[in-house]
């Protein structure tokens, strides 16, 4: 007999909890291969930054994807199924990315993850959410980390970008071949995680030697103090040094604003990576148009402001109708393109949709999908890297990206020691009304 | 009369002898309930439950330090980081068992706390808070300076697959839940025993009036260091558990906000009361979920999304200080 009232209460409470727990039923297990798929719906999920510094630059990605899926749904869906996109904010933080992705898999029971954004975030999320063991496809990750192509470590990941070493190799060739830039000192400011480290490896592979050790800043973001300190130090170099930025757009903005503050905007030639040079975002973050004017950047997409491009034209129309009030920029273009690739992958996997079937479809048919990218899609049984090339352009004061030197030259390469070569690749035309028919 | 008094006295002695046993019984009972619960709920609930247990350990470390010994730390996240890195290095470099890694997380952070406590024992109030705050800001950056800690990319913290005897289908999240809750039960039981022991009484005497405690023969400086070291060890365990759940440790996992969040959780729980730590852990896990769900529903702007979790924690903190300064438990207590 229990005499103590408190102990008695505890025992009664325990008994009640036990009884409650017994009554609770676990969620009925659906066959893992078709989790998230019904006869009429396909549930997809994305964890990406919608808040914080990186959120300012990339929050449009999930909205753009959803807009394209809504457009496809309004036109009959994929094999009669409507696509729903569950979006969670991870703030570009590894801990939140891990919990949010786990939530997508376990709680939201999505069929696949699409367009996850970030290198360190996806790396942690991939393991925490057990995507490999659960065989959950992670499609078109917005990262160029070459390690994601390692099928042994990331058997279900498909990158949505070319790899960072490819980008670094193309940038290195661009500097080397340019008679004005080649003789100048060159410096690198990079994000201190796999993103930056991958870039450094690419420059090394290309044989490019910077004039000083790279300046690395934390994954969480570049502070204006570090940016100003770095610029003040580098400004001591003679001539007009080339300053390569291998980071996100918000950090490019911080650096350019620091250059404005120190009146150093004309001291450097800024060469920003494709991830970090969305002009609309730079201007929205308070960088002056005169500073944006002249920034050189690599890209594998057409310019989002190029209304003559058929993909840009179609995506802009979809954005206007299904993503009201959101200006069309490179981030929206990237989101819509990922969504379009997803729809093609789902179609290629056929009516009897399974996770393994979806991944096989990208491995075997992914390189033939229609895409806004000006570089070739690179998917195959042995490659999970999205694209394999870049072209170099220069931003003007309106934020338009124009081919450097007036003529667009596409360079293709690989992530390792392969050469960087000029390519004559011509992408596939956009399917009628932007609705895949593969 | 004499007989009555004697009986009352013996009952009191009996009760005090019985108390640790009763506590042990309650903790074992709690563990048994959680074991049953782990077989009934979904995997995501288990994952969240593991976070609740992890935060509960972190809050227990704050309660021990601030509530019981009267020292204010604003940098417990840094001590968690020490434990987390120690655990990761134990797994990656020494290839030792993850359970040993968690023990190492506790011991190394405790040792770090001992050294730090030795240096800051003469500080009190805002000075100690300032020192620990500086530590929280500096330590993650220090981690970048040593290649063995993996720089900004950090280190993997992989506890590996669950033991083979549980079968291939055994959920990794249930494994996380078991490890985290077992660790939490043991450490909270340990802290509760400390609080009820001679140490606890000394800590409270030191907290309430250091001069009076010193006059009674308490070595205040030594006791402060002891409390700091034990609290650091507990925080280290919490750090180890946290990075186990997200499978990797890097400086960005331990921002300053984590330290402040834990302190807020401790205040909401009741700073002088260990019983509410689970509630504190629940609050810390639930607030980001509530904030995200609210933002999704009301379609708030980016500023709202950024500020809402902080606003909710702050509001809860103010309400807790106003209405339940000793923790929510006293609301349910009968008024005499």
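All but one of (1) within 14 Å of chain B (Cβ to nearest Cβ); (2) touching a residue at least 60 places away in the same chain (Cβ under 8 Å); (3) under 30 Å from residue B:257 (Cα atoms) hold for residue A:100; which doesn't? In the conditions (1) within 14 Å of chain B (Cβ to nearest Cβ); (2) touching a residue at least 60 places away in the same chain (Cβ under 8 Å); (3) under 30 Å from residue B:257 (Cα atoms), residue A:100 misses (2) alone.
Of all the numbered requirements in (1) in contact with a helix residue (DSSP H, G or I) (Cβ under 9 Å, 6 or more places away or on another chain); (2) in a strand (DSSP E or B), residue A:430 misses one, and that requirement is (2).
Within the set A:51, A:47, the sole residue that is buried (at least 22 other Cβ atoms within 10 Å of the Cβ), facing chain B (nearest Cβ under 10 Å) and modelled with pLDDT of 80 or more turns out to be A:51. Restricting attention to segment B:128-161, the residues that are surrounded by fewer than 18 Cβ atoms within 10 Å (Cβ to Cβ), over 25 Å from the mean Cα position of the chain (by Cα) and not in a helix (DSSP H, G or I) add up to 2. Filtered by the rule that a residue be in contact with a helix residue (DSSP H, G or I) (Cβ under 6 Å, 6 or more places away or on another chain) and within 13 Å of chain A (Cβ to nearest Cβ), segment B:154-196 gives B:155, B:157, B:159, B:162, B:171, B:173, B:174, B:176, B:177.
Tally time: how many residues in segment A:258-272 are without any contact (Cβ under 8 Å) to a residue 60 or more places away in the chain and buried (at least 20 other Cβ atoms within 10 Å of the Cβ)? Can you show your working first?
Of segment A:258-272, the ones without any contact (Cβ under 8 Å) to a residue 60 or more places away in the chain are A:258-268, A:270, A:272.
Applying the additional criterion that residues be buried (at least 20 other Cβ atoms within 10 Å of the Cβ) yields A:258-259, A:265, A:268, A:270, A:272.
Total satisfying the criteria: 6.
Going by the conditions given, is residue A:113 more than 15 Å from residue A:158 (Cβ to Cβ), more than 14 Å from every other protein chain (Cβ to nearest Cβ) and at pLDDT 95 or above? For residue A:113, the condition - more than 15 Å from residue A:158 (Cβ to Cβ), more than 14 Å from every other protein chain (Cβ to nearest Cβ) and at pLDDT 95 or above - is not met. Can you tell me which residue is nearest to residue A:81 (Cα to Cα) among those in segment A:119-135 that are crowded, with 24+ Cβ neighbours inside 10 Å and away from every other protein chain (no Cβ under 11 Å)? Among those residues, the one meeting the criterion is A:131.
Looking across segment A:70-97, not a single residue is within 14 Å of chain B (Cβ to nearest Cβ), touching a residue at least 60 places away in the same chain (Cβ under 8 Å) and touching a strand residue (DSSP E or B) at 6+ places or on another chain (Cβ under 6 Å).
The values are calculated or read from the model by the stated rules, or taken from the named source; none is laboratory data. What you see is a predicted model, and the numbers here were worked out from it, not measured in a lab. Please note: Cβ atoms are built from the backbone with ideal geometry, for glycine as well, and neighbour counts cover all protein chains shown.
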